[in-house]
Amino acid sequence: MTVERPRELREALGVGPGDLVTVVGAGGKTTLMYRVVSELRAAGLRAAAGTTTKIFPPSPEGEGRLVLGEDPAALARQLEAWDWAGSGYPVLGRALLH
């Protein structure tokens with residue numbers, strides 16, 4: 001009997017360098033977004049999570065770090081200054097959902 005290892009979401013979705021992924025639907029978007037970005041970062045790729053609306057904060061034990069603001073240029077500057085060699089990933093949003 002051959003046991004296959006579970007595929008990562010990024011592999012199942014075919015996500016790789018240079019790809020942009022959008023997620024729409026009624027539920028699970030934030031969890032999916034954080035999971036895929038976490039997998040990409042673990043593979044050594046640059047990846048960020050973001051939304052055009054308000055966002056639930058990443059869990060404290062997760063690797064996401066909030067970068068909030070409404071000015072696209074300011075958000076871009078923060079991404080340019082991000083320590084991509086370090087752990088974690090940026091989570092972009094306009095404001096927090098409570």
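Every read-out reported here was derived from the displayed coordinates using simple, explicitly stated rules and does not represent laboratory data. Remember, predicted model here, so these are calculated numbers, not experimental data. FYI the Cβ positions are ideal-geometry reconstructions off the backbone, even for glycines, and counts take in every protein chain you see.
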Completion exercise
Length gained, Thr2-Arg94, 0.36 nm per residue minus C-alpha separation, equals 28.4 nm
Handout entry: Cut-off 15 Å, label 7 Å out along Cα→Cβ of Glu11, residues of region 49-90 by amide N
Key = none
Practice task
Compare Leu66, Leu32, Leu40 in a GNM of the chain, Cα atoms joined below 10 Å, and give the one with the largest fluctuation.
Solution key: Leu32
Exercise for the section: Pop out the Kirkwood hydrodynamic radius of region 1-58 from its pairwise C-alpha distances, inverse of mean 1/r, in Å to one decimal. Expected result: 12.7 Å
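When averaged across all projection directions, what area in nm² does the alpha-carbon convex hull of region 31-98 cover?
Numbers: hull surface 17.7 nm².
Spelled out: convex hull of the Cα atoms, projected over all directions, averaged, 4.4 nm².
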Fill in the blank from the handout: Percent relative contact order for the chain, counting Cα pairs under 8 Å at least six residues apart, stands at 29 percent
Fill in the blank from the handout: With Cα coordinates, the longest principal axis of the chain makes an angle with the long axis of helix 29-42, in degrees rounded to 10, of 70 degrees
